[in-house]
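Working notes, beginning with the structure itself.
The values are calculated or read from the model by the stated rules, or taken from the named source; none is laboratory data. Small disclaimer: the values here were computed from a predicted structure and weren't measured. So basically every Cβ, Gly included, is an ideal-geometry build from the backbone, and we count neighbours across all protein chains shown. Heads up: the accessible areas ignore ligands, DNA and RNA and are worked out on the full protein's heavy atoms, side chains in. Shrake-Rupley method; radii C 1.70, N 1.55, O 1.52, S 1.80 Å.
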Amino acid sequence: NNALQARTSLALIKFAQSIQCSATGQLDDVWAEFSKIVDDSTALGTYPVERLSDLVHEFGQHIDSPVFDALYDKVVEVVRQRRSEGEAGAAYSERGAQKLRQGKPYDAIQWFGRAEELLVKEEYRAELASALVGSSFAYERVGLLWAARNKVLVAVERNLAIFLNDGKV
């Protein structure tokens with residue numbers, strides 16, 4: 001994840017240098033690099049693809065090239081996939097909470113676990129923290145106190161990461 005973010009920063013630097021030197025012919029290489037970054041980000045749930053999407057949308061107001069169009073299309077597709085996964089994760093998390101309220105903690109653990117897999121994306125950090133807390137409650141109810149402790153510690157860590165990035169808890 002860190003390596004991919006570093007590649008993103010380098011591509012942004014190449015973009016800025018190309019604009020500054022009026023070397024717009026080199027921009028297609030930058031767009032191709034961003035396309036590779038988007039491809040590589042699909043396996044990394046915590047890569048902030050939304051930020052890259054925002055940049056590409058902003059660049060789109062000023063750029064017209066077939067390579068950029070391909071990048072734009074790719075970014076939109078990745079964001080679409082992540083959002084639908086996040087919505088499914090939120091639905092799984094809700095089902096886990098329902099199972100917990102129904103007194104079925106083992107079922108709740110399964111549903112929360114499915115939610116966590118889908119909510120690891122950067123865009124769903126807060127929802128992931130909620131699912132982790134729900135898992136913690138479910139583990140506590142079945143007497144697995146260390147598992148409950150670990151889930152809530154991860155939720156706290158996620159909330160602190162949100163606080164550091166956004167200033168929100």
(message) For segment 138-151, give me each residue that is surrounded by fewer than 18 Cβ atoms within 10 Å (Cβ to Cβ) and under 25 Å from the mean Cα position of the chain (by Cα).
(response) 147, 149, 150
(request) Could you tell me which of the residues 119, 153 is of a type in the set (A, V, I, L, M) and either within 26 Å of residue 41 (Cβ to Cβ) or in contact with a Pro (Cβ under 6 Å, 6 or more places away or on another chain) (or both)? (result) 119
(request) Please identify the pairs in which a residue from segment 1-27 that is hydrophobic (A, V, I, L, M, F, W, C) has its Cβ atom under 9 Å from the Cβ atom of a residue that is open to solvent by less than 70 Å² (accessible area, probe 1.4 Å) and not in a helix (DSSP H, G or I), counting only partners at least 6 apart or on another chain. (result) 4/44; 4/47; 27/63; 27/65
(request) From (1) crowded, with 21+ Cβ neighbours inside 10 Å; (2) closer than 22 Å to residue 5 by Cβ, pick out the condition that doesn't hold for residue 132. (result) (2)
(message) Could you list, ordered by first residue, the pairs with Cβ atoms under 8 Å in which the first is in segment 148-169 and among the β-branched types (Val, Ile, Thr) and the second is in a helix (DSSP H, G or I) and open to solvent by 80 Å² or more (accessible area, probe 1.4 Å), at least 6 apart or interchain?
(response) 169/163
(request) Collect the residues in segment 117-136 that are in contact (Cβ under 8 Å) with a residue 60 or more places away in the chain and under 11 Å from residue 162 (Cβ atoms), keeping them in residue-number order. (result) 122
(message) Restricting to segment 96-117, name every residue that is open to solvent by 40 Å² or more (accessible area, probe 1.4 Å) and within 28 Å of residue 78 (Cα to Cα).
(response) 110, 111, 114, 117
(message) Taking the condition of being assigned to a helix (DSSP H, G or I) and either free of Cβ contacts under 8 Å to residues at least 24 places away in the same chain or among the charged types (D, E, K, R) (or both), how many residues in segment 92-107 meet it?
(response) 6
